[in-house]
1. Among the residues of the stretch 333-376, which ones are surrounded by 13 or more Cβ atoms within 10 Å (Cβ to Cβ) and touching a helix residue (DSSP H, G or I) at 6+ places or on another chain (Cβ under 8 Å)?
2. Counting only residues that are of a type in the set (G, A, S), farther than 23 Å from K230 by Cβ and under 27 Å from the mean Cα position of the chain (by Cα), give me the strands (runs of 3 or more DSSP E) lying completely in the stretch 243-361 with at least 1 of them.
3. Residue pairs, Cβ under 6 Å, 6 or more apart or interchain, first in the stretch 181-195 and modelled with pLDDT of 95 or more, second part of a loop (DSSP other than H, G, I, E, B) and among the hydroxyl-bearing types (S, T, Y). List them.
4. Of the residues in the stretch 222-238, how many are out of contact with any helix residue (DSSP H, G or I) (no Cβ under 7 Å at 6 or more places or on another chain) and of a type outside the set (V, I, T)?
5. Tell me yes or no: at least one residue of the stretch 51-72 is modelled with pLDDT of 95 or more, surrounded by fewer than 12 Cβ atoms within 10 Å (Cβ to Cβ), touching a Lys or Arg at 6+ places or on another chain (Cβ under 7 Å) and not hydroxyl-bearing (S, T, Y).
Amino acid sequence: MKKSIYILSFAFLLLLLGCKESVRIDLVDESKPAPVALDEVMVKSILGGAVLKYQIPNDKNLLCIKAVYEISPGHVYETKSSVYVDSLVLKGFASSETTQVKVYSVGKNGKESKPLIVEVTPGTPVVEDVANTLFVRSAIGGVKLSYANLSGEDLIYDLIQEDIESNRWEVVKRFYSGLKTGEFTQRGMESKPTNIGVLISDRWGNISDTIKQTITPVFEEEVPKPWSHKEMVGDSWKEGVPGLTIDKMWDGRWDVDALFLWASSKSTKFPQSFTIDLKCEVEITRIVEHQRPVYAYLDTSVKEFELFGTTLDNPNPDTNSDDWIKLGRFSSFQPSGLTGSPTKEDFQYGNVEGENFEFLDENGDPKPTPPVRYLRWRTYETWDGQTEMGEVIIAELEVYGKILKK
């Protein structure tokens, strides 16, 4: 009986304690003055901004250092750094003109010191610096843009084209990138003189001057399908999974995994070859490979391969013979550069749009192949690193160029 009374009493005590209003323990001392202001700041100019270096004040009430600055007329920004960092990075300036920056010491109670006025001369604005490196050239079926972005800032590249009839400029493609070097290609353009332009913008609203140029895209057309498979001695084209036959590479589908693709046997040795009859003679400008859905730039998708071509109906199986022309050796490139961790953009390019492999001269200009009808593909490595034995998967192939005769 006593035991029951003790238990009930203890429970009642807990109930009373739970009903009491919780007490907040506030460690911020509102009565403390603002932290001491910085007395000296070293300034280093960077592209589109500056780095402020200083000695952190010895003040227990200090929460952070704050800089307030105007990146362009009417656009005020601020940036902060904790008490564990002795520098502030200012970005987004629209010009290289000297400007004043107010630097504050901010207390835990929100009080701010008097500002230290620092004069800053930002480096060349990022959009302007990148615009100075932009190289625009005619490409196969369109235009190619290449650039250098030393800052590594995320930028938008708008490709615009003039409509001759309306005399208006319209955006035809928008590219996004934070890579320090790269290139973009827009295709599907007619092979005639075309006025195009490029504008570069950043997340602060800064926009470069328009870079305008007249280009004439190199003519190309898609080689029509269906093609056919040509059996050659030494090739390893047989499927490793029932139904995933070689003709799946030209069925016009690449959107469903384990269905619309070709897969070789896992026991096949490298290099692995297959031969395609395009059913017409073509001066090839580029090959497009759609990688496996979900597994673009991963697993058994092609990473390294060679291409050979011939017009002979019964060529020597040995590609070292004079019957074959070596068209080139190619490496698959992951746009994001994040090997092993493809992004959504990587999958979009590798599977949906298809990775382009162009035939170019030593200057990077289009150089179509000699006429070929039979195309021999030889895989040396897949994205999982296999170079001795393993499966190879290709979802779809496309061939572009100038068709000579059927």
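1. Answer for the stretch 333-376, where residues must be surrounded by 13 or more Cβ atoms within 10 Å (Cβ to Cβ) and touching a helix residue (DSSP H, G or I) at 6+ places or on another chain (Cβ under 8 Å): Q334, P335, S336, P342, E355.
2. Working: elements: 272-290, 302-310, 325-331, 355-358.
So the answer is 325-331.
3. P193/T216
4. Residues that pass the stated criteria total 10.
5. no
For every residue, the table says whether it meets (1) of a type in the set (A, V, I, L, M); (2) surrounded by fewer than 17 Cβ atoms within 10 Å (Cβ to Cβ).
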| position | (1), (2) |
| --- | --- |
| G234 | no, yes |
| V241 | yes, yes |
| I246 | yes, no |
| D257 | no, yes |
| E281 | no, no |
| P293 | no, no |
| T300 | no, no |
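The values are calculated or read from the model by the stated rules, or taken from the named source; none is laboratory data. Given the structure is predicted, the values throughout are model-derived calculations rather than measurements. Reconstructed Cβ throughout: ideal geometry from the backbone, glycine too, with neighbour counts over all protein chains shown.
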